[in-house]
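Just so it is clear, none of the values below were taken in a lab; they were calculated from the coordinates. Everything quoted here is computed from the prediction, not taken from an experiment. Heads up, the Cβs are rebuilt from the backbone with ideal geometry, glycines too, and the neighbour counts pull from every protein chain shown.
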Amino acid sequence: LVISDMEAKIYPNPASKTVTIEVPGLKQLEIMDISGRTIFAETDIDSNKHQLDISTIASGVYFIRLKSDKYMTIRKLVIDK
């Protein structure tokens, strides 16, 4: 697995209810709080465009780890309700 600045779009960001993630070959994602604790994870994704319901996650700054078969990247996600 290569840590990469792969082509990844996350919008809207800041978000309040849903966020759309566009990553070629997305397989897994994880949302982590600023201390690095995983608060949400989803596996078995097989899509280039994925919609994620974030309505149950509290407002704040998070990191989202995106993994494909070959690449992994981490991006900042702001949730603002």
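At 37 °C and 0.692 mPa s, what whole-number value in µm²/s does Stokes-Einstein give for the translational diffusion of the chain, with Rh from the Kirkwood sum over Cα pairs? It would help to have the intermediate numbers written out before the result.
Working: Rh = 12.5 Å.
The calculation lands on 262 µm²/s.
Other residues lying with their Cβ under 14 Å from the Cβ of Ser16 contribute a combined charge of 0, Lys and Arg counting +1, Asp and Glu -1.
Could you list the residues of region 51-81 with an amide nitrogen less than 13 Å from a label point located 7 Å from the Cα of Tyr11 in the Cα-to-C-beta direction? No residue qualifies, since no backbone N sits under 13 Å from the label point.
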